[in-house]
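The structure under discussion appears below in the form of structure tokens.
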Amino acid sequence: MSTVPTSVQAPLVCWNCHERTLGTHFCSSCGKLLQLPPGIDYFALFEMPRNLWIEMGALEQKFLQLSWKLHPDNFVNASEQERELSLKRSSELNDAYRTLRDPIARVEYLLAIEGERKEGETKQQAPPELLEEVFELNESLDELREAKASGEDLAELKSRLEAAEKNFQEKLHDVDGELQATAREWDAALTGDSLTRKKIMARLNDLLNRRSYIRNLVTNVAKELAEV
């Protein structure tokens, strides 16, 4: 359903010299900072394909290089349009870097720009295989709250919840492992057929929702335990 960009949609037409250029940020003819088309994605800002497995050292190096080239201080004596473009591009670059350097945010962003991020009710529903454990966890949390209110001994309940928290932390770790493996599948299928990519994105979406649900459980348990 989607194209697979290796860089910005090219060629662009420079606003200054009106020449067609293959440059991403600067015109290859006159060197002016380019006006990029609306809706350009974060991967294209870094001149990379929509890969989910990114070498962090290379990303950081690219970020530092572009940050220096696009910094507003370099455009103090430039035209008003270039100064505005520099401010806007620097802000976009920072947002892109924060997103792409985080593996979970990167997956969420990719699915969003591919039109496949589906949140909502499924995000709040317990995965079927966890229903029993979630039910027991909620029972323990209710018992802990009642025990705190009545001044009862909390040692046994606290121990039970600490074990449950550890259990769900391990499940969260497992989901992260599945996300990494599926991200590699996405990269391998990047130039493949759209049906394969769509299936991988559906799996990534399900894993993100599962991760969100389990993370919320861990957060709630940690909050209750912190108040004991």
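Coordinate-derived values only; no laboratory data. None of these values were measured; they are calculated from a predicted model. Every residue, glycine among them, receives a Cβ derived from its backbone with ideal geometry; neighbour counts consider all protein chains shown.
Couple of notes before you dig in:
- Rg over Rh [alpha-carbon atoms, Kirkwood Rh] for the chain: 1.14
- Ranked by the mean number of other Cβ atoms within 10 Å of their residues, highest first, the peptides 204-217, 76-89 fall in the order 204-217, 76-89.
- Ranked HIS18, HIS71, criterion: other C-beta atoms within 10 Å, fewest first: HIS18, HIS71
- Fully extended contour minus Cα-Cα distance, from ASN167 to GLU139, at 0.36 nm per residue: 8.5 nm
- Computed over the stretch 107-228, relative contact order equals 40 percent, with contacts defined as Cα pairs under 8 Å that lie 6+ residues apart.
- P(r) for the stretch 121-226, from all Cα pairs and a bin width of 5 Å, is 2, 11, 19, 18, 14, 11, 9, 6, 4, 3, 2, 1, 0 %, short bins first.
- Sorted by Cβ density within 10 Å, fewest first, the residues SER194, SER140: SER194, SER140
- Residue-wise HN-Hα coupling along the stretch 63-73, computed from phi with Karplus coefficients 6.51, -1.76, 1.60 (Hz; x: Gly, Pro): 4, 5, 5, 5, 4, 5, 5, 9, 4, x, 4
- Under a Gaussian network description of the chain, with springs only between Cα atoms under 10 Å, the residue in THR24, THR182, THR196 that fluctuates furthest is THR196.
- Within a Gaussian network of the chain (alpha carbon springs, distance under 10 Å), most fluctuating of ALA155, ALA44, ALA189: ALA155
- Among PHE26, PHE168, PHE135, PHE75, a tally of other beta-carbon atoms within 10 Å of each Cβ gives an order, fewest to most, of PHE135, PHE26, PHE75, PHE168.
- Computed over the stretch 12-101, the percent of Cα pairs more than 16 Å apart is 54.
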